[in-house]
Amino acid sequence: MPRGRNALHDALLKSDCERVKELIATGDDLLHCQPDLKGCNPLMLLARDQRFHEEYIWALLARRASVEASAAARSRTRLTAAEYASDFGARSARVVEALRACEEQERRRTVEWRCPECGDVVRARPRLLGYLQRAERGEEKNPLLLRFFAKECNRALLNPWYHMVNNDPSVRKEISESMAMLDALTGALPAFGSDWHIVDLCCGMAVTASIVALEHPGLAVTAVDRREKRYTTHFGRAGVRYVQWDILGVDFLHRLESLVSEVNRPVAILGMHLCGALSLRAIEAFAMLES
Ligand SMILES: C[S@@+](CC[C@H](N)C(=O)[O-])C[C@H]1O[C@@H](n2cnc3c(N)ncnc32)[C@H](O)[C@@H]1O
């Protein structure tokens with residue numbers, strides 16, 4: 001069996017209808033609900049793949065006790081089974097509605113463990129809390145992390161709506177790099193303050209944009225990335241505005257110029273880990289704004 005797959009994922013991906021039928025009828029909860037390496041559980045795989053007749057979806061839904069959690073789960077691409085069924089599987093309205101109803105029911109049942117923004121289940125003790133406690137015990141040696149935790153405002157990142165950051169395996173590295181970036185910003189611009197506009201280009205999870213917004217209330221912060229908003233942290237609560245732009249697109253410089261004049265404040269552009277053409281584009285944007 002390939003790594004990260006159970007027998008049902010395997011049968012689904014091989015379109016082995018007989019085996020899928022058998023495993024839905026005889027399998028246990030784990031088999032029915034487990035996500036594969038891409039975070040897709042069997043309900044999602046069935047919902048999106050038209051080679052499987054809808055009767056398979058109904059059969060899996062009939063195993064209700066085990067599939068409601070699956071209906072409310074999201075894959076790595078942040079889609080639910082109902083979204084796969086409507087957006088990719090072109091499934092009937094009846095199936096999509098049934099999946100949505102299961103999703104809603106499960107979300108209501110487990111609301112206290114979920115992010116109030118996107119409904120994802122969040123950990124009561126995110127990784128960032130472990131790092132904070134380590135710092136409080138005097139075991140953290142990284143000065144950037146120590147400075148981050150020393151500022152009360154930054155502890156907002158422990159809130160459940162920042163789960164995409166606070167439980168990310170690389171949160172420690174992301175925060176260290178962002179703190180170093182902000183040191184460079186304040187070092188280069190002694191006049192920098194809360195009346196400025198920060199534009200974080202290719203923001204990724206927007207850790208840098210979020211920290212700068214938390215540390216400087218009143219600052220205008222725009223995070224730019226080409227990814228859809230659903231992949232980004234819910235940093236609206238920190239006052240960060242997100243724009244989905246391709247910075248290599250022909251209209252990027254024009255859009256940036258309009259945004260900057262609309263906000264009408266002194267502006268600083270940040271761009272961390274921009275490879276190749278992205279860095280060149282950031283330099284072009286800088287030159288344009290400077291002129
Ligand atoms: C290596 S990450 C850097 C993320 C963040 N700045 C950091 O240091 O953690 C690269 C980011 O650039 C974004 N990106 C890549 N090409 C882009 C483009 N043409 N326009 C806008 N964003 C782009 C990706 O979606 C990704 O989020």
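A short reminder: the numbers here are calculations on the coordinates, not readings from a lab. These numbers were taken from a predicted model, which means no experiment stands behind them. Cβ atoms come from the backbone with ideal geometry, glycine included; neighbour counts cover every protein chain shown.
Check D200: other-chain or 5+ apart residues with amide H under 5 Å from its amide H, H built from backbone geometry?
Long-range HN contacts for D200: T222, A223, V224, L270.
Which of V224, V250, V111 comes first, and how do the rest follow, when ranked by fewest Cβ neighbours within 10 Å? Numbers along the way, then the final one.
Numbers: V224 26, V250 7, V111 10.
If I rank by nearby Cβ atoms, fewest first, I get V250, V111, V224.
Report the calculated FRET efficiency for T26 and E177 (r = Cβ-Cβ distance, R0 = 51 Å), to the nearest 0.05. Intermediate values should be presented prior to the final figure.
Working: r = 49 Å, r/R0 = 0.97.
It comes to 0.55.
Taking the Cβ-Cβ separation of M1 and D195 as r and a Förster radius of 51 Å, what is the calculated FRET efficiency to the nearest 0.05?
Numbers: r = 59 Å, r/R0 = 1.15.
Computed FRET efficiency for M1 and D195: 0.30.
Modelled label-to-label distance, D246 and R155, 7 Å Cα→beta-carbon offset: nm?
Going from the D246 label point to the R155 one covers 4.4 nm.
With just the Cα atoms defining each centre, how far is region 252-291 from region 144-191? Give it in Å.
If we compute the Cα centre of each part, the gap is 22 Å.
Quickly estimate the mean residue ellipticity at 222 nm for the chain, helices only: each DSSP H run with n ≥ 4 gives -39500 (n - 2.57), and the total goes over all residues, rounded to 500.
-14000 deg cm²/dmol
Once you place label points 7 Å from the Cα toward the Cβ at W113 and S92, how far apart are they in nm?
For the pair W113/S92, the computed spacing is 3.3 nm.
Looking only at the chain, where both bridge partners belong to it, what percent of the DSSP beta bridges are antiparallel (to the nearest 5)?
Numbers: 1 of 16 bridges.
Just about 5 percent of them are antiparallel.
Of T110, T26, T208, how do they rank once you tally other Cβ atoms within 10 Å and put the fewest first? Spell out each step's value before the answer.
On the way: T110 14, T26 8, T208 26.
Fewest to most other Cβ atoms nearby, the residues stand as T26, T110, T208.
Once you order the gyration tensor axes a ≥ b ≥ c over the Cα atoms, which shape class does region 24-99 get: rounded for a/c under 1.5, otherwise prolate or oblate by comparing a/b with b/c? All intermediate terms of the calculation are to be shown ahead of the outcome.
Values: a/c = 1.58, a/b = 1.11, b/c = 1.42.
Oblate.
Residue separation times 0.36 nm, minus the C-alpha to C-alpha distance between E290 and R137: what's the value?
On the way: separation 153, 0.36 × 153 = 55.08 nm, distance 4.57 nm.
Computed gain between E290 and R137 is 50.5 nm.
Under the 0.36 nm per residue contour assumption, what length would be gained going from the current alpha-carbon distance of H254 and K38 to full extension?
Numbers: separation 216, 0.36 × 216 = 77.76 nm, distance 3.69 nm.
Full extension of this stretch gives 74.1 nm more.
Among the listed pairs K14/K38; K38/K229; K151/K173; K38/K173, give every one whose C-alpha distance is greater than 21 Å. It would help to have the intermediate numbers written out before the result.
On the way: K14/K38 16 Å; K38/K229 19 Å; K151/K173 18 Å; K38/K173 23 Å.
Where the Cα-Cα span goes over 21 Å, the pairs concerned are K38/K173.
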